[in-house]
Amino acid sequence: MKVTVNVDCTPEEARAFIGLPNIAPLQERMMKELENRMAENLQTLDPETFMKTWLPLTMESWGEMQKMFWSQMQMGMTPSAGVGEKNGK
């Protein structure tokens, strides 16, 4: 025996039916607090400090990535032992 039940309701109605708490007001307060803190941090951070903080890390990692690509390309260009040789030669 197979029984199928289709329920047509919104997510809010489903949460209320199951008995889960309504966290929408809490989420709104937390998002507002996050927005306020981010705005405060952006106001105190001048562009020069921002560049000094992030640019060296970005450039350093870019150099490391470039070295990795070059090493992979060089490994691909060097002939491997036994490749292209016939058996017994």
Cβ-Cβ cut-off under 10 Å around N22, Lys and Arg +1, Asp and Glu -1: the net charge is 0
Magnitude of the Cβ-charge dipole (Lys and Arg +1, Asp and Glu -1) of region 11-71 about the Cα centre, nearest 20 debye, reported as 140 debye
Whole-Hz Karplus couplings 3J(HN,Hα) for region 18-35, θ = phi - 60° and coefficients 6.51, -1.76, 1.60, Gly and Pro as x, run 6, x, 6, x, 7, 9, 4, x, 5, 4, 5, 5, 5, 5, 5, 4, 4, 4
Row for region 11-71, column shape: gyration tensor on C-alpha, a ≥ b ≥ c, rounded if a/c < 1.5 i.e. under 1.5, prolate if a/b over b/c, else oblate; value oblate
Karplus-derived 3J(HN,Hα) from phi for region 68-74 (6.51 cos²θ - 1.76 cosθ + 1.60, θ = phi - 60°), whole Hz, x at Gly and Pro, runs 5, 4, 5, 5, 5, 5, 5
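FYI, it's all coordinate maths here, none of it is from the lab. Please read these numbers as outputs of a predicted model, since none were measured by experiment. We place every Cβ from the backbone using ideal geometry, glycine too, and count neighbours over all the protein chains shown.
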